[in-house]
1. Just in the range 31-128: which trypsin sites (Lys or Arg not before Pro) are loop by DSSP and have at most 16 other Cβ atoms within 10 Å?
2. Take the chain, connect every pair of alpha-carbon atoms lying under 10 Å apart with a spring to form a Gaussian network, then pick out the residue of G106, G13, G72 with the largest mean-square fluctuation.
3. Read through the labelled values (1) 33, 27, 15; (2) 24, 18, 12; (3) 30, 18, 12 and report the label of the one computed as semi-axes √(5λ) of the Cα gyration tensor in Å from the structure.
4. Can you find, among F36, A122, L84, the residue farthest towards the positive end of the dipole of the range 21-128? Put +1 on the C-beta of Lys and Arg, -1 on that of Asp and Glu.
5. Ignoring any ligand, DNA or RNA, what whole percent of the accessible area of the chain comes from carbon and sulfur when the probe is 1.4 angstrom?
6. Taking the Cα centre of each part, how many Å lie between the range 1-18 and the range 44-77?
7. Of the residues L37, L14, L93, which exhibits the maximal mean-square fluctuation in a Gaussian network model of the chain defined by a 10 Å Cα contact cut-off?
8. Using the C-alpha gyration tensor of the range 33-106, what are the square roots of 5 times its eigenvalues, in whole angstrom, with the largest one first?
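The values are calculated or read from the model by the stated rules, or taken from the named source; none is laboratory data. Everything numeric in this text was worked out from a predicted model, so none of it was measured. For neighbour counting, all protein chains shown are included, and Cβ atoms are generated from backbone atoms with ideal geometry for every residue, glycine included. With ligands, DNA and RNA removed, areas are computed over all heavy atoms of the protein, side chains included. Shrake-Rupley method; radii C 1.70, N 1.55, O 1.52, S 1.80 Å.
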Amino acid sequence: FLIPTLLTALFLGLPFLSFLMRGGFWSVRPADMPFFLSAMWVSLRCCLMALAITLLIGTPTAYCMANYHFPGKAFFEELFALPLVLPPAVAGLILLLTFGRNGFLGKALGSLGISFSFSSTAVVITLV
């Protein structure tokens, strides 16, 4: 048990240790990279929006799934577990095929002037 734990700690810890030895967070100078602050702000905004959506929709859904029994509950349990077992590339492809410009919903939404592809909205949908 000890050897696999140490190997895992080394595997996960060595990249972080290398990052710290090269200067870590202090080597990043946002003033030297104007795009850095912009990218960080977009990431923070998208994460906070995804968090709010997850709290507003995911928490009540999880409560209902845990406390109530209803027809089709097993289907929804499997549906909600699907993102956990799909590789991220497959999940991204599914979202692109659904919401992309030529996707299942993307064409209909595009005719209404709504586009998700390569936008902050797409990032929030992916995170949720």
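1. Details: sites: R45, K73, R101, K107; in loops: R101.
Counting only loop positions with at most 16 other Cβ atoms within 10 Å, the trypsin sites (Lys or Arg not before Pro) in the range 31-128 are R101.
2. The residue that fluctuates most here is G13.
3. Among (1) 33, 27, 15; (2) 24, 18, 12; (3) 30, 18, 12, the one derived from this structure is (1).
4. My answer, from the dipole projection, is F36.
5. Values: 8090 of 10520 Å².
Exposed carbon and sulfur together represent 77 percent of the surface.
6. 34 Å
7. Maximum among the listed residues: L14.
8. Working: eigenvalues 177, 76, 24 Å².
Each semi-axis is √(5λ); the values are 30, 19, 11 Å.
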